[in-house]
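Reviewing the structure listed below.
The values are calculated or read from the model by the stated rules, or taken from the named source; none is laboratory data. Everything quoted here is computed from the prediction, not taken from an experiment. All Cβ positions, even for glycine, are placed from backbone atoms using ideal geometry, and neighbour counts span all protein chains on display.
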Amino acid sequence: MGFSQSKEGADDPAVSYSAPNTPSKKLPPTKDTSASLFIGDARKEKIKVLFCGENFEDGYLNTFNALRFEKNVLCMQCSSADVEKESADAHVIIPLMTKITRNIIHHAPRLALIMQFGVGLEGIDVQAATEAGVWVSKIESTHCGNAQSCAEHAIYLALAVLRDQKAMTHSIVTGKLGEPTGRTLFQSNVLIYGFGGIGKQLAQRLSSFEVNVSVIKKTLDEMDERGILPDYVDDLGIESDFPRLAAKSDIIFLCCSQNNENFGMVNKNFISHLKPGSIIVNVARGGLLNYGDVYDALETGVLAGIGIDVFHTEPFPKADPLLLHPKCVATPHIAGVTKISYENMANYVANNIIRMRNGHPPLGCINEIVY
């Protein structure tokens, strides 16, 4: 097919996301940053695009397909164990649940762009990339169908928990009919924690279920202060309003980004403000949960269930007590993995590579590189 793909690392240890990435010891820049705007030389050198990690393979395959007519582009995928070796001559790195550390960046003298295949950047050392003159870019979730896909999946998880999916499977296996008795989204009070691209798409879709939607935002804008809310939002607040909004909510949707401040925020204190018998759905990041506290809340019935698409360690540990709990419904980090989302993201990545090859800065940059 004209591309190289390494599979040697299939049995590598799981990539842990137990804590956000933090800057490490500074190393000197590895390249002449005045030349970093261009990826290679379109006339002499192939541009190496490296997908780092064994998972989310369709992201690689869709991008390979989007770049198939670019004769001077080599699109590759390697295992997490081989990233440092394979990135040594790479111009573009695209992490797939693989951390891009200062050390990797330091040993990649040709690197010009780290392109996240999605939104979350907590696995990339942005400070080290900026110091080395490397662009870091992400794809806005609403531009490609990712936010819409994640919003749909959040509703799927909520319905699966409300209807007690594991108990339904047991009824099928044991030949029982009419069990279990489920709950509905209809007439529920829901709280969306985080009102970015995914949160807004989720709120719009939930309105069709005749629910009352409350929202937690990081900050209030002028329209919020004046009490002018979207038609699909019934109540709104900031983080300090969480106890008030949580006390009346049947379902909490986590749609916020993960950072040092909110790591492990769903703990005993967070849960103590919830309405008894409520459920949590997490389509954001696995590090938001304190897993021991969540498990205890399920055991005591304070939480009636949880739906998760992300975990603190990925791939998910098969024997984890929370995953095995009868009131937990889990999916393998696929909320944004849809045909429309992946095709659009692949085209976005391909366009950025072509832009930089032609001497233009990439789209979606979150850092500033000065030449």
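Checking Met115 against (1) over 19 Å from Ser257 (Cα atoms); (2) not assigned by TED's automatic domain parsing to the domain that holds Glu239, which single condition isn't satisfied?
(1)
For the stretch 300-311, how many residues are under 12 Å from the mean Cα position of the chain (by Cα) and over 9 Å from Ala330 (Cβ atoms)?
Of the residues in that region, 1 qualify.
Which condition from (1) among the aliphatic types (A, V, I, L, M); (2) within 19 Å of Arg357 (Cβ to Cβ); (3) touching a His at 6+ places or on another chain (Cβ under 7 Å) is the one that Ala88 breaks?
(2)
State whether the residues of the stretch 342-354 include one that is loosely packed, with under 15 Cβ neighbours inside 10 Å, of a type outside the set (Gly, Ala, Ser) and within 17 Å of the chain's Cα centre (by Cα).
No - not one qualifying residue is present in the stretch 342-354.
Please state which one of Asn282, Asn259 is without any contact (Cβ under 8 Å) to a residue 40 or more places away in the chain and out of contact with any Asp or Glu (no Cβ under 6 Å at 6 or more places or on another chain).
Result of the check over Asn282, Asn259: Asn282.
Restricting attention to the stretch 67-75, does a residue exist that is crowded, with 19+ Cβ neighbours inside 10 Å, under 20 Å from Ile366 (Cβ atoms) and not hydroxyl-bearing (Ser, Thr, Tyr)?
No, the stretch 67-75 contains no residue that is crowded, with 19+ Cβ neighbours inside 10 Å, under 20 Å from Ile366 (Cβ atoms) and not hydroxyl-bearing (Ser, Thr, Tyr).
Which of the residues that make up the stretch 87-105 are within 13 Å of Tyr60 (Cβ to Cβ) and not hydroxyl-bearing (Ser, Thr, Tyr)?
Initially, the stretch 87-105 is screened for residues within 13 Å of Tyr60 (Cβ to Cβ), giving 92-98.
Answer for the stretch 87-105, where residues must be within 13 Å of Tyr60 (Cβ to Cβ) and not hydroxyl-bearing (Ser, Thr, Tyr): Val92, Ile93, Ile94, Pro95, Leu96, Met97.
For the stretch 343-368, which positions are within 10 Å of Leu113 (Cβ to Cβ) and in contact with a strand residue (DSSP E or B) (Cβ under 9 Å, 6 or more places away or on another chain)?
Of the residues in the stretch 343-368, the ones within 10 Å of Leu113 (Cβ to Cβ) are 349, 352-353, 355-356, 361-362, 365.
Those that are within 10 Å of Leu113 (Cβ to Cβ) and in contact with a strand residue (DSSP E or B) (Cβ under 9 Å, 6 or more places away or on another chain): Val349, Asn352, Ile353, Met356, Pro361, Pro362, Cys365.
Can you pull out the helices (runs of 4 or more DSSP H) entirely within the stretch 259-371 that have at least 3 residues that are more than 22 Å from Ala154 (Cβ to Cβ) and of a type outside the set (D, E, K, R)? Full working, then the answer.
Numbers: elements: 268-272, 291-300, 321-324, 339-357.
Because the criterion is at least 3 residues that are more than 22 Å from Ala154 (Cβ to Cβ) and of a type outside the set (D, E, K, R), the helices (runs of 4 or more DSSP H) in the stretch 259-371 that meet it are 339-357.
Being within 15 Å of Ile192 (Cα to Cα) and at pLDDT 95 or above is the requirement here; does Ile238 meet it?
no
Given the criterion of a type in the set (Ser, Thr, Tyr), touching a residue at least 60 places away in the same chain (Cβ under 8 Å) and not in a helix (DSSP H, G or I), identify the matching residue among Thr98, Thr130, Thr181.
Thr98
State whether one or more residues within the stretch 148-169 are among the small types (Gly, Ala, Ser), over 16 Å from the mean Cα position of the chain (by Cα), modelled with pLDDT of 95 or more and surrounded by 20 or more Cβ atoms within 10 Å (Cβ to Cβ).
Yes, the conditions are met somewhere in the stretch 148-169.
To keep it simple, each residue is scored yes or no on (1) in contact with a Ser or Thr (Cβ under 7 Å, 6 or more places away or on another chain); (2) at pLDDT below 95.
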| position | (1), (2) |
| --- | --- |
| Ser249 | yes, no |
| Cys255 | no, no |
| Gln258 | no, yes |
| Lys268 | no, no |
| Leu274 | no, no |
| Gly277 | no, no |
| Asn282 | no, no |
| Leu289 | no, no |
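Per-residue answers, yes or no, for (1) at pLDDT 90 or above; (2) out of contact with any His (no Cβ under 6 Å at 6 or more places or on another chain); (3) assigned by TED's automatic domain parsing to the domain that holds Gln258; (4) within 23 Å of Asn352 (Cα to Cα):
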| site | (1), (2), (3), (4) |
| --- | --- |
| Ser4 | no, yes, no, yes |
| Glu8 | no, yes, no, no |
| Ala35 | no, yes, no, yes |
| Ala42 | no, yes, no, yes |
| Leu50 | yes, yes, no, yes |
| Gln77 | yes, yes, no, yes |
| Ala81 | yes, yes, no, no |
